[in-house]
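This report refers to the structure that appears directly beneath it.
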Amino acid sequence: MLTSLTLIAIIIVLFWTYASYKVSYWKRRGVESLTPSLIFGNFKDAVLFRSAPGWHIGDLHKMARPDAPFVGFYIFHKPCLLLRDPDVIKYFMISDFENFSDRHFAGSNQKDSIGMKNLFGLKNPAWKYLRTKITPTLTRGKLKQMLPLMMEAADPMMKYIEDQMRNDNVKVLDAQDLNYKYTTDLIASVALGTKIDSFYYPNEKFSAAVQEFFYGFKRMVALVTVFFMPELVEVIGTRMLFNSAFVRKVFWDAMENREKTGEKRGDFIDSLLQIKNGEQNPIYKFEGDNLLYQSGTFFSGFESSSTCTSFTLMELAKHPEYQELARKDINRAIEKHGWTYEAFKDMKYLEQAILEGLRLHPPVSTIDRYTRQDYKIPNTDVIIEKGTPIYISLYGLGVDPRFWDEPEVYNPDRFVDSKHVSDAYMTFGIGPRMCVGMKVGQLHAKVVLALLLKHYEVWQTEENTSYLDPRSTFTAAGNGINLHFKKIPD
């Protein structure tokens, strides 16, 4: 008995000694840091899904000394650096980009994942080459070709809402679920070249597969692992993000059919075929699964713009005065241009409402980078060792009182003049690796919001207040976004 107790005591002392040393890394390097626990570091609530992981990083931003430009923290025993000042962030993301061009999780050994082996997750130099090929697929001309597909994909959603309200003057609907279903149909049409209807045929294989992509608990656990503990991916080596078997079939059927018929739809399949048949570079060849993986860019991008749409609609539901201004802006633009690309581009106030929604509810709330070589932070004596994960919290920056007046208040007027927007606004990223799909995402959000707000008044009551899903790395409402819809007379 005494021997067992002695052994346990030795193990505890050894662990305490080891853990204490590991979580004193930043102190030993003279870097200001947050106080960690010996087991979880500063990530306990996120690991145990008590707090949404992205929101938790925002809490760490708030816990730091208010004027601290950066602060050390730990994910378990792994030392990480959280950047808190826009000027310092510019060194990492712009001036010295080559040393921070890779995401922390980039290049993880994930099998059968269409979610990472594209612009979102590739390392340099393959990422840089790929970006030069994908950027031309998202030009103004390409967006004008995509717009009819976006409008067409919205028909089932608008019919569904109308059917739900057939016998009710006011109906409570989950705006997040509406947007997920619309986005499922949009991904099918734009990224995979096929038409589906997730509102009236939700149990079809594709709809079910993409709903699992949005809602699945396995994916939520996987995303926490990929974003914050990618080393585990190498150990697990399994289908971490999304089993793409059915999507793979839909994609290749569309590619084969399009090559045979020569049909043009104005979708991403058209662009991929053009790239495939063009000059190739051995650094990243557009053939085989490398073609399929590019559709994953739209999965991630449209998921983000879907979240943006849902949460912006929620904020407008809470602020009827801003909602009415957005509605007037929509009606003015439609009356002037019709339902055209020019109309959506002219919806300036709606765009302000969207940008403000993104400030408070960034869909991908954490920017991460990997330190490729030892790096001395300019104007300091601090040297960041190779391999150190770097994080930026958009939740933290978005409500930091150093950069915003009344930071918790939703106010689209902050963006009335883009020249005076704080440098702390980084919702689309910053530097060479900022979001390549910013314009297509904004168009997606404008299409849905314009259609909904033109035809319906929306509001949210206190009993329907939404909360963040503590399991989700990306921003998502755990209980949906339940809003009252009331038809506006024609």
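The values are calculated or read from the model by the stated rules, or taken from the named source; none is laboratory data. The structure displayed is predicted, hence computed values, not measured ones. Heads up, the Cβs are rebuilt from the backbone with ideal geometry, glycines too, and the neighbour counts pull from every protein chain shown. Areas reflect the complete protein model, heavy atoms only, side chains present, ligands, DNA and RNA absent. Shrake-Rupley method; radii C 1.70, N 1.55, O 1.52, S 1.80 Å.
Name the single residue, out of those in region 85-114 being at pLDDT below 70 and out of contact with any Lys or Arg (no Cβ under 9 Å at 6 or more places or on another chain), that is most open to solvent (accessible area, probe 1.4 Å).
From region 85-114, those at pLDDT below 70 are 105-114; that's our starting set.
Then keep just the ones that are out of contact with any Lys or Arg (no Cβ under 9 Å at 6 or more places or on another chain); that gives 105, 108-109.
Details: Phe105: 2, Ser108: 16, Asn109: 73 Å².
Top of the filtered list is Asn109.
Rundown of residues vs (1) buried (at least 19 other Cβ atoms within 10 Å of the Cβ); (2) in contact (Cβ under 8 Å) with a residue 40 or more places away in the chain; (3) touching a helix residue (DSSP H, G or I) at 6+ places or on another chain (Cβ under 8 Å), yes/no style:
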site: Lys249; (1), (2), (3): no, no, no
site: Arg265; (1), (2), (3): no, yes, yes
site: Glu287; (1), (2), (3): no, no, yes
site: Tyr322; (1), (2), (3): yes, yes, yes
site: Asn331; (1), (2), (3): no, yes, yes
site: Glu335; (1), (2), (3): no, no, no
site: Tyr341; (1), (2), (3): no, yes, yes
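Is it the case that some residue within region 74-81 is open to solvent by 10 Å² or more (accessible area, probe 1.4 Å) and part of a strand (DSSP E or B)?
Looking through region 74-81, at least one residue is open to solvent by 10 Å² or more (accessible area, probe 1.4 Å) and part of a strand (DSSP E or B).
When you go through (1) aromatic (Phe, Trp, Tyr); (2) out of contact with any Cys (no Cβ under 6 Å at 6 or more places or on another chain); (3) open to solvent by 30 Å² or more (accessible area, probe 1.4 Å) one by one for Phe428, which number turns out not to apply?
Only one criterion in (1) aromatic (Phe, Trp, Tyr); (2) out of contact with any Cys (no Cβ under 6 Å at 6 or more places or on another chain); (3) open to solvent by 30 Å² or more (accessible area, probe 1.4 Å) is unmet by Phe428, namely (2).
Count, please, the residues in region 379-389 that happen to be open to solvent by less than 40 Å² (accessible area, probe 1.4 Å) and either hydroxyl-bearing (Ser, Thr, Tyr) or under 14 Å from Phe70 (Cβ atoms) (or both).
From region 379-389, those open to solvent by less than 40 Å² (accessible area, probe 1.4 Å) are 380, 382, 384, 387-389; that's our starting set.
Still in the list and also either hydroxyl-bearing (Ser, Thr, Tyr) or under 14 Å from Phe70 (Cβ atoms) (or both): 380, 382, 384, 388-389.
Of the residues in that region, 5 qualify.
Restricting to region 292-310, give me the number of residues that are in contact with a Pro (Cβ under 9 Å, 6 or more places away or on another chain) and not charged (D, E, K, R).
Total satisfying the criteria: 5.
If you go through region 421-445, how many residues are within 14 Å of Glu356 (Cβ to Cβ) and in a helix (DSSP H, G or I)?
Residues that pass the stated criteria total 2.
Could you tell me which of the residues Gly301, Gly296 is assigned to a helix (DSSP H, G or I), open to solvent by 20 Å² or more (accessible area, probe 1.4 Å) and closer than 24 Å to Arg103 by Cβ? Spell out the reasoning first.
Values: Gly296 fails: open to solvent by 20 Å² or more (accessible area, probe 1.4 Å).
Answer to the selection: Gly301.
Under 8 Å between Cβ atoms, which residue pairs at least 6 apart in sequence (or on different chains) link something in region 37-61 that is at positive phi with a partner that is open to solvent by less than 10 Å² (accessible area, probe 1.4 Å) and modelled with pLDDT of 95 or more?
Gly41/Phe73; Gly41/Tyr74
Can you tell me which residue is nearest to Cys80 (Cα to Cα) among those in region 367-378 that are touching a Phe, Trp or Tyr at 6+ places or on another chain (Cβ under 9 Å) and open to solvent by 10 Å² or more (accessible area, probe 1.4 Å)?
So the first thing to find is which residues in region 367-378 are touching a Phe, Trp or Tyr at 6+ places or on another chain (Cβ under 9 Å), and the list is 367-372, 375, 377-378.
Subset that is open to solvent by 10 Å² or more (accessible area, probe 1.4 Å): 367, 370, 372, 375, 378.
Working: Ile367: 13, Tyr370: 10, Arg372: 14, Tyr375: 14, Pro378: 18 Å.
Restricting to residues being touching a Phe, Trp or Tyr at 6+ places or on another chain (Cβ under 9 Å) and open to solvent by 10 Å² or more (accessible area, probe 1.4 Å), the top hit is Tyr370.
Name every residue in region 193-211 that is outside any loop (DSSP other than H, G, I, E, B) and crowded, with 19+ Cβ neighbours inside 10 Å, in order of residue number.
Within region 193-211, the first condition is being outside any loop (DSSP other than H, G, I, E, B), and the residues that meet it are 205-211.
Those that are outside any loop (DSSP other than H, G, I, E, B) and crowded, with 19+ Cβ neighbours inside 10 Å: Phe206, Ser207, Val210.
Is there a residue in region 355-366 that is of a type outside the set (Phe, Trp, Tyr), modelled with pLDDT under 95, under 22 Å from Glu303 (Cβ atoms) and open to solvent by 20 Å² or more (accessible area, probe 1.4 Å)?
Yes, there is a match, as at least one residue in region 355-366 is of a type outside the set (Phe, Trp, Tyr), modelled with pLDDT under 95, under 22 Å from Glu303 (Cβ atoms) and open to solvent by 20 Å² or more (accessible area, probe 1.4 Å).
Among the residues that make up region 28-49, is at least one of them β-branched (Val, Ile, Thr), in a loop (DSSP other than H, G, I, E, B) and open to solvent by 50 Å² or more (accessible area, probe 1.4 Å)?
Keep residues of region 28-49 that are β-branched (Val, Ile, Thr), which gives 31, 35, 39, 47.
Imposing the further condition that a residue be in a loop (DSSP other than H, G, I, E, B) reduces the set to 31, 35, 39.
Going one step further and asking which of them are open to solvent by 50 Å² or more (accessible area, probe 1.4 Å), we end up with 35, 39.
Looking through region 28-49, at least one residue is β-branched (Val, Ile, Thr), in a loop (DSSP other than H, G, I, E, B) and open to solvent by 50 Å² or more (accessible area, probe 1.4 Å).
Applying the selection to region 401-412, what residues are open to solvent by 10 Å² or more (accessible area, probe 1.4 Å) and under 28 Å from Gln323 (Cβ atoms)?
To start, the set of residues in region 401-412 that are open to solvent by 10 Å² or more (accessible area, probe 1.4 Å) comprises 401-409, 411.
Pro401, Phe403, Trp404, Asp405, Glu406, Pro407, Glu408, Val409, Asn411 - these are the residues of region 401-412 that are open to solvent by 10 Å² or more (accessible area, probe 1.4 Å) and under 28 Å from Gln323 (Cβ atoms).
To keep it simple, each residue is scored yes or no on (1) modelled with pLDDT of 90 or more; (2) touching an Asp or Glu at 6+ places or on another chain (Cβ under 9 Å); (3) among the charged types (D, E, K, R).
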site: Leu122; (1), (2), (3): no, yes, no
site: Leu147; (1), (2), (3): yes, no, no
site: Asn167; (1), (2), (3): no, no, no
site: Gln176; (1), (2), (3): yes, no, no
site: Thr194; (1), (2), (3): no, yes, no
site: Ala209; (1), (2), (3): no, no, no
site: Val224; (1), (2), (3): no, no, no
